[in-house]
C-alpha cells in the first residue's frame with residue numbers, strides 16, 4: 001500500500017512541475033487534499049502557499065481567499081507548520097488579497113477595507129515597512145474616485161522607507177508613475193521613473209510595467225522617440241503576460257498615436273482577452289481599450305476571429321465586436337460603481353473610449369502609405385479614358401483607371417469597348433489561368449471584328465507564354481500574331497507586334513532576325529505613325545543592351561529622355577533601362593543616381609511599379625552595405641509596399657529595413673521589422689527568404705536577451721537546412737548552441753556547438769571550427785571540466801597559421817585556464833593566463849589584458865600568494881581608461897579585496913581599493 005505522505009508528495013511535486021495554468025492549479029488543489037489526509041505536519045501548508053502563488057501567476061485573486069483563510073487558521077493553531085521562508089511567503093501574499101478584491105465587484109468595499117486593515121495590523125506586528133499598505137490604500141482611493149484621499153495616501157507611499165517586504169523597486173515605481181500620470185503630473189512621472197529605468201530589474205514584469213505606465217506621459221509631452229521605444233520594448237516583453245493587463249494600454253497607445261494597423265495586429269493576437277481575461281476589471285479595461293482602437297478603423301467590416309468561452313471561435317466584424325465591447329465595458333463599470341457608490345469607473349471607461357488623438361508616433365514598421373484618391377467620375381467615361389490611355393502607351397495612367405472600374409460594368413459599355421477592356425484586364429491583372437483566359441478574350445475581339453486589337457493581344461499572349469517558361473511557344477504565338485497584324489492591323493498594331501517579337505527573338509539569341517523586325521518597325525513609325533517612333537527607339541536601346549552593346553543603348557536612352565513632351569510611359573521605360581545599364585556596367589554611383597531618378601519619377605504614379613522600383617533600389621542599397629545611410633528611404637519603401645505591393649514584396653522590404661536599423665544598432669526596431677517580414681512570407685516557395693529572415697531574427701533576439709525566442713527561430717530552421725551546405729547548417733547549430741548556453745542548458749549548448757564544429761570542419765573553415773570547439777568547452781567547463789579540456793584540445797589542433805593564430809590561441813588559453821581552475825589545478829591555470837596575457841598585449845586589447853591579469857591574480861590567491869596577487873591587481877589599475885567597463889573595474893576591486901584580506905590588511909584603508917570603490921559609485 002502506498003504511503004499517504006509519499007503519495008501527497010508525489011502529487012505536489014508533479015503539480016509544481018506543471019506550467020502555469022488552471023490544470024496546474026487544480027492539480028495543486030488535489031495535492032493539498034492529499035496532504036491534509038496524509039497527516040504530515042508541513043506539507044499541507046506548503047501546498048496552500050503554492051496555491052496562493054498559483055493564484056498570483058494566474059491573476060485569479062478570486063481564488064486566493066480559500067488558501068489564505070486556511071493559512072490564517074493554521075497560523076493561529078500552530079505557526080510552526082510554516083518554515084521561515086514559508087512564513088515570509090505568507091506575509092508577502094497578504095499584499096495580493098486587497099488587489100484581488102478590488103478587481104472584482106462581487107466583493108464589497110467593507111471587505112476591501114477590512115483586508116487592508118488586516119494587512120496594516122499584520123505588517124505592524126512583524127515590524128515591516130508600511131509602504132505596501134499606503135500603496136494599496138492609494139490604489140483603492142483612486143479606484144473609487146476619492147482623489148484627495150488618494151493623494152494623501154500617495155504622499156505616505158512616497159515618504160515611507162522600503163524594506164524587504166516591499167514590492168520590487170520597479171513595481172513600486174510603476175504604481176507611483178501610474179498615480180502621477182493619472183493626476184496629470186507628466187514631467188514628474190518621467191523624472192520619477194528615470195532612476196529606476198537606468199538600473200537593473202529582477203522582476204518578470206519590469207521594466208515593461210514602468211514603460212507602459214509612462215506611455216500617456218510621453219505622448220502628452222510630445223516625446224515621440226521615447227514613446228516609440230517605450231512601446232516597442234514594453235510590448236515585446238509583456239506580450240506573453242496578457243494577464244498582467246498591459247496589452248490594453250498598448251492598444252490605446254496605437255489608437256491615439258496613428259498606429260491603427262499595428263494596433264489591429266496586437267488585437268488579433270490577444271482576442272482571447274475578450275472572453276478570457278482573468279478578472280472583471282481586466283475584462284472591462286481590455287474591452288474599453290479595444291473599443292477605442294476599433295473606433296479608429298475606416299471600415300467596420302473587418303473580420304475578426306474571437307475565441308469563445310466554451311471553446312470554438314466566432315467570426316465577427318469589427319463593428320459588431322466594437323458594439324459588444326463598448327456595452328461590456330459600460331456594464332462592468334456600472335457594476336463597480338454600484339459597489340463603490342461612485343461614478344468613477346463609468347467616467348474612466350468613457351474617457352478611454354472617447355480618447356482624442358495624441359501626437360503621431362512613427363514605429364519601426366511604418367503604416368501603409370496613403371492610398372491614391374479613388375476616381376469618382378462616370379464609370380463609362382473612365383472606361384473610355386482607360387482604353388485611350390493604353391492606346392497612347394500611357395500604362396501608368398491606364399492601370400489606375402482600369403483598376404477603378406466596377407467588375408460588373410460590361411453591360412453598360414459598347415460591345416467593342418467591353419471586349420477590349422476585358423482583354424486588357426486579363427493582361428494587366430493576370431490570374432492563375434491567364435493562358436486559358438486570354439485566348440477567349442482574343443476570340444471575343446475577333447467575333448466583334450476587332451482584328452487589330454486581337455493581333456496585339458495575340459502577341460501579348462506570346463510574351464506571357466515565354467514568361468511562363470515556354471519561349472519557343474511564345475515566339476510561335478507572336479509570329480502568328482504578326483501574320484494576323486500584317487493582314488488586319490493598322491500601322492500601330494504592326495509596329496507593336498514587331499516590338500514584342502523582337503524581344504522574344506533576342507531572348508532566343510536570334511538577334512539578326514530581331515534587328516530586321518526593328519528596322520521594319522522604325523520605317524513604319526517614321527512613315528505612318530510618328531507617335532510610335534519613341535517606342536521603337538526604346539526597343540532599339542533594349543535590343544542593343546541585350547546584345548551587350550551598352551554604349552549604344554545608353555546613347556539612345558539619353559536621346560529619348562531629352563525628347564520634348566515625352567509620354568510618362570516612355571519616360572518610365574527609359575529611366576528604368578538606363579538604370580539597368582549602369583548596374584550591368586557595375587557603375588555603382590551612376591546606378592544609384594539613376595535609381596534615385598526613377599524612384600522620384602514613380603512617386604507621382606501609384607501602381608504596382610512603385611513597390612517594384614523602390615524595392616529594387618532597396619536591394620541595391622542593401623547589397624552595397626548602405627542601408628544605414630538610406631534608412632528614411634527604406635521606411636518609405638515598406639510603407640509603399642504595404643499599400644501597393646504584394647505580401648512578398650513587403651516581406652522583402654521589411655527584411656532590408658532591418659538592415660538599416662541594425663546599421664544604427666537599433667535592435668528592437670530590427671526585430672520588429674523581421675517579425676513582420678516573417679509573418680508576411682508565403683508559407684511555401686520562399687525557403688531561402690525564410691531561412692535568411694529566421695537566422696537574422698534569431699540572432700537579433702539573442703542579442704536583445706530574448707534567448708528563448710531566438711532559440712525557437714533557430715530550431716525552426718533545422719529541417720529547412722538539412723540539405724544545405726555544411727557552413728549554412730553550422731551557422732544554425734551555432735545559433736541554437738549560443739541561445740541554449742544563455743538559457744542555462746549546458747548539455748544542449750555543448751551538443752550544438754560540437755555539431756557546429758564538425759560542420760565547420762567539413763566546410764574547411766578551421767577558424768570557425770576552432771571557435772565552435774571553444775564555445776562547446778565554455779558551455780560545460782563548470783559541470784564537466786574534463787570534457788571541456790578535450791574540446792579545447794580539438795580547438796588547439798585546429799588553430800591555423802596566419803593572422804588569426806594569436807587571437808585564437810589566446811581565446812583557447814583563457815578558457816583552458818578557467819577550466820583548470822575548476823579542477824583546482826591553479827598552477828596550470830596561472831601558466832595559461834600568463835601565456836594568454838602575453839599574446840593579448842601584442843594584440844593591443846587592453847580590457848582583455850586587464851581581465852587576464854585579474855584571473856592570474858585569483859590564481860595567486862588560490863596558491864597562497866596574496867602579495868603577488870595584490871601587486872598584479874594594482875598593476876592592472878594602471879591600464880584602466882575612461883571607457884573601461886564598470887564590470888572590469890569591479891573585478892579588479894574584488895580580487896584586490898581578496899588579496900588584502902588574505903594578508904589581514906584592511907581593505908577600507910587601501911588607497912587603490914578606495915579609488916576603485918569611488919569610481920564604481922560614480
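Tabulated data
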| quantity | calculated |
| --- | --- |
| The chain, helix-only ellipticity at 222 nm - DSSP H runs n ≥ 4, -39,500 (n - 2.57), divided by all residues, nearest 500 | -23500 deg cm²/dmol |
| Helix 533-546 axis, angle to the chain major axis (alpha carbon atoms, nearest 10°) | 60 |
| Footprinting exposure proxy for 299, 20, 912 (fewest neighbouring C-beta atoms within 10 Å first) | 299, 20, 912 |
| Kirkwood-Stokes translational diffusion coefficient of the stretch 312-392, alpha-carbon pairs, 25 °C, 0.890 mPa s, µm²/s | 134 |
| C-alpha long axis of helix 726-742 to longest principal axis of the chain, angle in ° | 30 |
| Along each principal axis, Cα extent of the stretch 648-780, largest first, Å | 41, 30, 23 |
| Volume in Å³ per residue [convex hull over Cα atoms, computed for the stretch 548-602] | 67 |
| Gain in span if fully extended, residue 221 to residue 508, counting 0.36 nm per residue against the direct Cα distance | 96.9 nm |
| q = 0.09, 0.10, 0.19 Å⁻¹: log10 I(q)/I(0) that the Debye formula gives for the stretch 722-863, counting C-alpha atoms only | -0.27, -0.34, -1.09 |
| With Cα atoms, 0 to 90° folded angle of helix 169-182 axis to the chain main axis | 60 |
| FRET efficiency, residue 915 to residue 801 (Cβ-Cβ, R0 41 Å, nearest 0.05) | 0.40 |
| Relative contact order computed over the chain (Cα-Cα under 8 Å; 6+ residues apart), in percent | 4 |
| Against the rule of thumb 2.2 N^0.38 Å, how large the Cα Rg of the stretch 30-161 comes out | 1.13 |
| Rounded FRET efficiency, nearest 0.05, which uses the C-beta distance separating residue 433 from residue 555 and R0 of 51 Å | 0.75 |
| Stokes-Einstein D for the stretch 570-702, Kirkwood Rh over Cα pairs, 4 °C, 1.567 mPa s (µm²/s) | 86 |
| Fewest-first ranking of 359, 560, 315, 861, using other Cβ atoms within 10 Å as the exposure measure | 315, 359, 861, 560 |
| Pairwise label distance in nanometres, residue 908 with residue 471, each label 7 Å out on the Cα-Cβ vector | 8.8 |
| Peptides 507-517, 435-445 ordered by average Cβ neighbours within 10 Å, highest first | 435-445, 507-517 |
| Where Rh is the Kirkwood radius over Cα pairs, Rg/Rh for the stretch 252-313 | 0.97 |
| Full-extension gain in nm, residue 30 to residue 412, via 0.36 nm per residue minus C-alpha separation | 130.1 nm |
| Label point 7 Å beyond Cα of residue 108 along Cβ direction - residues of the stretch 337-365 with amide nitrogen under 18 Å | 337-342 |
| Estimated FRET transfer efficiency (residue 331, residue 298; beta-carbon r; R0 25 Å; 0.05) | 0.35 |
| Spacing of the two label points (7 Å from each Cα toward its C-beta) at residue 183 and residue 841, in nm | 6.1 |
| Computed Rg/Rh of the stretch 827-922, alpha carbon atoms with Kirkwood Rh | 0.96 |
| Alpha-carbon radius of gyration plus Dmax, which is the widest Cα pair, for the stretch 149-208 in Å | 11.6, 33 |
| Relative contact order of the stretch 296-399, defined on C-alpha pairs under 8 angstrom at six or more residues apart (%) | 12 |
| Set of the stretch 429-466 residues, backbone N closer than 20 Å to the point 7 Å along the Cα-Cβ line of residue 683 | 432 |
| 16 Å cut-off, amide nitrogen to a point 7 angstrom out along residue 75 Cα→Cβ, residues in the stretch 102-129 | 114-129 |
| Taking 278, 342, 650 and counting other C-beta atoms within 10 Å, the order from fewest to most | 342, 278, 650 |
| Descending Cα extents along the principal axes, the stretch 374-470, whole Å | 41, 27, 24 |
| Unit Cα scatterers, Debye sum, the chain: log10 I(q)/I(0) for q = 0.06, 0.08, 0.11 Å⁻¹ | -0.65, -1.02, -1.41 |
| Mean Cβ neighbour count within 10 Å, used as a protection proxy, ranking 406-414, 378-386, 663-671, 255-263 highest first | 255-263, 663-671, 378-386, 406-414 |
| Pairwise Cα inverse-distance average, inverted: Kirkwood Rh of the stretch 239-361 (Å) | 14.5 |
| Computed label-point distance, nm, for sites residue 147 and residue 124 using a 7 Å Cα→Cβ extension | 3.1 |
| Potential lengthening between residue 239 and residue 446 on full extension [0.36 nm per residue; Cα-Cα distance subtracted] | 68.5 nm |
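Every read-out reported here was derived from the displayed coordinates using simple, explicitly stated rules and does not represent laboratory data. In this text, all values refer to a predicted model and were calculated from it rather than measured experimentally. Cβ: placed from backbone, ideal geometry, glycine included. Neighbour counts: every protein chain shown.
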